[in-house]
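Engineer: The structure is given below, and queries will be raised subsequently.
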Amino acid sequence: MIYHHLFAVTLAFFLDSIIGDPPNWPHPVKWIGTMISKLDRTFNEGVHKKRNGLFMLAFVLTTVLLLTGLSVYLAYLIHPLAGIIWEAAVISTTIAQKGLKQAGMEVCRPLNERDFPEARLKLSYIVGRDTDMLDESEIVRGTVETVAENTSDGVTAPLFWAAVGGAPLAMVYRAINTCDSMVGYNNDKYGQFGWASAKLDDIANYLPSRLTGFLMLVCSKSSHHDLQARWRILFSDAKKHPSPNSGWCEAAVAAILGVQLGGLNMYKGVVSDRARMGVPLVPLEAKHIPKTIAIMHRSSFLFLLMLWLGGIAFEITISWF
């Protein structure tokens, strides 16, 4: 069965690379988001917000697991090939390699034309920080950080869980990630209600984020740091990020490009000082956006190969017993 999952994961990887997420197509993440919004409005109140948030998370994940699992089961009943194709179609909705590339280049193009207002507008679509006063280097930083962080969240982590448990587990991961992005905030409204979503998202991304950061360094050359220095930056700087997982990909990209990420961000006028990652050997420029996208592509493909090697090793190990 693991080979079925791996074939489906591989097909999904290339489907997403070619087709992506056409805006007018139905998308399960939108349905998950609608469900979370309704449960948020209903249960995010009273004195038991943490318990209610745990119930909300359990309900969403159970619903997603049952519906996806049933659809995959029925597809395999028709024919194994139908099952693989259906799994691939579902898994492809959980990854966003093409979407990340498009989002990054939507910012890069006006930057190359020195159209900073348009670049700030495009960046505002993909980050939560205030963008209306950012200069070129800060626009680039926001874009590079987004592509780097989401290489794990949006590509390799769903691939990892799809290899482990097929489309059902890939969709469960995407539901966890969606819950975290919608309610997993440490503020008055969601500090209690979103606690379980934020913690489970940290757990689900723990291994994929670190593997992705390692693979970024393995598959990328740098004219700024030798390999030993890049590893040193990764291990020293990744843990500085407020997220236990996001720093691994951001620190790896910073080490490869010879730039510094992190710094002062504004969120609705409130200043947030993020820890600096990397050594600023060169200033951030528009050219670093396509370079970051290239790192994403290489590391994601290497991650796919790693999943195949892991699956083959697992099958060999099982056959010995």
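The values are calculated or read from the model by the stated rules, or taken from the named source; none is laboratory data. Since the model is a prediction, treat every value here as computed from it, not as a measurement. Here the Cβ is made from the backbone with ideal geometry for all residues, glycine too, and neighbour counts use every protein chain on show. Please note that ligands, DNA and RNA were not included when accessible areas were found on the heavy atoms of the full protein model with its side chains. Shrake-Rupley method; radii C 1.70, N 1.55, O 1.52, S 1.80 Å.
Engineer: Given 30/287; 30/221; 98/240; 189/291; 189/239; 30/101, which pairs have Cα atoms separated by over 31 Å?
Structural biologist: 30/287; 30/221; 189/291
Engineer: Going by Cα centres, the stretch 237-276 and the stretch 112-141 are how many Å apart?
Structural biologist: First find each Cα centre; the distance between them is then 17 Å.
Engineer: Kindly identify the stretch 1-152 as rounded, prolate or oblate by the Cα gyration tensor criterion: order the square roots of the eigenvalues as a ≥ b ≥ c, call it rounded if a/c is under 1.5, otherwise compare a/b with b/c, prolate if a/b is larger, else oblate.
Structural biologist: oblate
Engineer: Convert each backbone phi in the stretch 86-101 into a coupling constant with the Karplus relation 6.51 cos²θ - 1.76 cosθ + 1.60 (shift: θ = phi - 60°), then list the ³J(HN,Hα) values in order as whole Hz, x for Gly and Pro.
Structural biologist: So the J values, rounded to whole Hz, are 5, 4, 4, 4, 5, 4, 4, 6, 9, 10, 9, 5, 5, x, 5, 4.
Engineer: Taking the Cα-to-Cβ direction at residue 221 and at residue 18 and moving 7 Å from each Cα, how far apart do the two end points lie in nm?
Structural biologist: If labels sit at residue 221 and residue 18, their model points lie 3.1 nm apart.
Engineer: Could you work out how much longer the chain between residue 276 and residue 301 gets when fully extended? Use 0.36 nm per residue separation minus the Cα distance between them, nm to one decimal.
Structural biologist: The residue 276-residue 301 span can extend by a further 6.2 nm.
Engineer: Excluding residue 43 itself, calculate the net charge of residues whose Cβ lies under 12 Å from the Cβ of residue 43, where each Lys or Arg counts +1 and each Asp or Glu counts -1.
Structural biologist: +3
Engineer: Taking θ as phi - 60°, what are the ³J(HN,Hα) couplings along the stretch 45-62 by the Karplus curve (6.51, -1.76, 1.60), each to the nearest whole Hz, with x for Gly and Pro?
Structural biologist: 3J(HN,Hα) across the stretch 45-62, in whole Hz: 7, x, 9, 10, 5, 5, 5, 5, x, 5, 5, 4, 4, 4, 5, 4, 5, 5.
Engineer: Between (1) 31, 26, 19; (2) 46, 21, 15; (3) 37, 23, 15, which entry matches semi-axes √(5λ) of the Cα gyration tensor in Å as derived from the coordinates of this structure?
Structural biologist: Given (1) 31, 26, 19; (2) 46, 21, 15; (3) 37, 23, 15, the calculated one carries the label (1).
Engineer: Moving to a separate point now. What trypsin sites (Lys or Arg not before Pro) in the stretch 210-272 are in a loop by DSSP, with at most 12 other Cβ atoms within 10 Å of the Cβ?
Structural biologist: Of the trypsin sites (Lys or Arg not before Pro), the ones in loops of the stretch 210-272 whose Cβ has at most 12 other Cβ atoms within 10 Å are 221, 268.
Engineer: If you roll a 1.4 Å probe over the heavy atoms of the protein chains, what accessible area per residue do you get for the stretch 1-319, in Å²?
Structural biologist: Numbers: 15250 Å² over 319 residues.
Ligands and nucleic acids excluded, the result is 48 Å² per residue.
Engineer: Here's a follow-up. Find, among the trypsin sites (Lys or Arg not before Pro) in the stretch 90-135, those assigned to loop by DSSP (not H, G, I, E, B) with at most 12 other beta-carbon atoms within 10 angstrom.
Structural biologist: Those satisfying the criteria are 114.
Engineer: Follow-up. So which GluC sites (Glu not before Pro) in the stretch 66-130 end up in coil per DSSP with only 11 or fewer other C-beta atoms within 10 Å? Let's see the in-between values first.
Structural biologist: Details: sites: 87, 106, 113, 118; in loops: 113.
Within the stretch 66-130, the qualifying GluC sites (Glu not before Pro) (loop, at most 11 other Cβ atoms within 10 Å) are 113.
Engineer: Give, to the nearest whole percent, the P(r) tail of the stretch 33-94 beyond 13 angstrom, counting all Cα pairs. Working shown, then result.
Structural biologist: Details: 1287 of 1891 pairs.
The proportion of pairs with Cα distances above 13 Å equals 68 percent.
Engineer: How large is the helix-only mean residue ellipticity at 222 nm for the chain, computed as the sum of -39500 (n - 2.57) over DSSP H runs with n ≥ 4, divided by its residue count, in deg cm²/dmol to the nearest 500?
Structural biologist: Working: 12 runs with 224 residues, N = 321.
After summing the helix terms and dividing by residue count, I get -24000 deg cm²/dmol.
Engineer: Leaving out ligands, DNA and RNA, what percent of the accessible area of the chain is carbon and sulfur, probe 1.4 Å?
Structural biologist: About 65 percent, which is the carbon plus sulfur part of the accessible surface.
Engineer: Have a look at 265, 146, 43 and report the one farthest towards the positive end of the charge dipole of the chain, computed about the Cα centre with Cβ charges (Lys/Arg +1, Asp/Glu -1).
Structural biologist: 43
Engineer: Under 5 Å between amide H atoms, partner at least 5 residues away or on a different chain: which partners does residue 263 have, H built in plane at 1.01 Å?
Structural biologist: Under 5 Å from the amide H of residue 263: 274, 275.
Engineer: Additional query: How far apart, in nm, are the 7 Å Cα→Cβ label points at residue 27 and residue 206?
Structural biologist: So the label points at residue 27 and residue 206 sit 3.0 nm apart.
Engineer: Picking from 34, 56, 73, whose Cα lies most toward the positive end of the charge dipole for the chain (charges on Cβ: Lys, Arg +1; Asp, Glu -1)?
Structural biologist: Projecting each Cα onto the dipole axis, the largest value belongs to 56.
Engineer: Given contacts defined as C-alpha pairs under 8 Å and at least six residues apart, what's the relative contact order of the stretch 1-319, whole-number percent? Kindly include the intermediate steps, with their values, before the conclusion.
Structural biologist: Working: 500 pairs, mean separation 68.4, N = 319.
Reported relative contact order: 21 percent.
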